[in-house]
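Here is the structure we will look at.
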Amino acid sequence: MKEEEAIVEENAVKVAMMPKIVRNEYFKSCRQGANEAADALGVGLLWDGPITADARQQAELIRKWLASGIDGLAVSVENDEIVSPALREARKAGVKVLTWDADAAGDARDFFVNQATADGIAEVLSTEAARAMSGNGQIAMLTSTLDAPNQKEWLSLIRARFLDRYPDISVVAVRPTNEDEETARLEAEELLREHPQLRLMLAICAPAVSGAAETVKRAGRTDVKVIGTALPSACKRYIVEGWVESVVLWSTVDLGYLAVHAAAAAAEGRLKRGDSSLAAGRLGKILVRGDEIRLGRPRIYNKNNIDIAGS
């Protein structure tokens, strides 16, 4: 905790924004966009969160922010059952509440800033996995935690697509990594020992992709591929060397940028239920459907286009 930084003018709208884990490279990238939007809008931005995956710390910090006085709140939720009660308290206190990246219970927030629809993410990941495996074989899945709402939904939809479209693909294990690269590496080692016929690891949180790739590389298992959701630049060497088949991601900078724009607009009364779009600075008009604000479709990065992701 204690990552927050803010210089707030007396009458400025104050938005508190929380990632799942402040030291995660994915969320650090989101913070770049959040800072950019706050500067452009003249919003006072508070940024803080747990240093490990801990929903109870998230709830504790939300209540601390409420006591200090905020206008808008944007949270990437680690566990919806634990965090949602604190979000409801914020709404009851008159704070405009948004979730981003990972959602809470529908009655606990005003809007969800969705980086990409769950269906879209599941579609791309399941199709990429099937392509890499030629439609058959054993697959293991690595997630952040088993309780994270976005991860639960993605897992469910990916499994459903395998059953419906790729019946010869068998999911043999699902392992949590607590958003930690070293934990992912150790879990991947165990998966290779327990499932010698494993053909692919599908990692749906950023640290798990590089952790799994490092394990496969050290083991020299050229027969096992890795795909997942991660910063392309963080996985570039593994992609170039052939250990990671592909990564799927949206613009994390844009996600942070959009979350602050949406939180500020809601706090100022410029974004209300029933609106069909949101003017979001350099992103232009963003689609709003009910209580969901949609950033857009994810993009696939592989050997053919990884250079555009930077070094």
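Answer yes if at least one residue in the stretch 73-96 is in contact with a Phe, Trp or Tyr (Cβ under 9 Å, 6 or more places away or on another chain), more than 24 Å from Val253 (Cβ to Cβ) and surrounded by 15 or more Cβ atoms within 10 Å (Cβ to Cβ), and no otherwise. Yes - at least one qualifying residue is present in the stretch 73-96. Pairs meeting the criteria (first residue in the stretch 171-193 and more than 20 Å from Ala148 (Cα to Cα), second residue assigned to a loop (DSSP other than H, G, I, E, B), beta carbons under 8 Å, at least 6 apart or on different chains) are Val172/His195; Leu192/Arg221; Leu192/Val224. Exactly one residue among Glu268, Glu214 is under 30 Å from Met133 (Cα atoms) and more than 18 Å from the chain's Cα centre (by Cα), and that residue is Glu214.
The condition of being within 30 Å of Leu192 (Cα to Cα) and touching a Pro at 6+ places or on another chain (Cβ under 9 Å) holds for only one of Val248, Val244, that being Val248. In the stretch 245-259, the count of residues that are within 23 Å of Gly94 (Cα to Cα), surrounded by fewer than 24 Cβ atoms within 10 Å (Cβ to Cβ) and either modelled with pLDDT under 95 or touching a Gly at 6+ places or on another chain (Cβ under 7 Å) (or both) is zero. Taking the numbered list (1) surrounded by fewer than 19 Cβ atoms within 10 Å (Cβ to Cβ); (2) out of contact with any helix residue (DSSP H, G or I) (no Cβ under 7 Å at 6 or more places or on another chain) in turn, Leu283 passes all entries but (2).
For the stretch 261-311, the candidate set comprises residues that are under 24 Å from Ser233 (Cβ atoms) and of a type in the set (Val, Ile, Thr); within that set, the residue that is modelled with the highest pLDDT is Ile300.
Selection of the stretch 194-212 for residues being without any contact (Cβ under 8 Å) to a residue 24 or more places away in the chain and part of a helix (DSSP H, G or I) yields only Glu194.
The values are calculated or read from the model by the stated rules, or taken from the named source; none is laboratory data. In this text the structure is predicted, and so the values were computed from the model without any measurement. Using ideal geometry, Cβ is built from the backbone for each residue, glycine included, and neighbour counts are taken over all protein chains shown.
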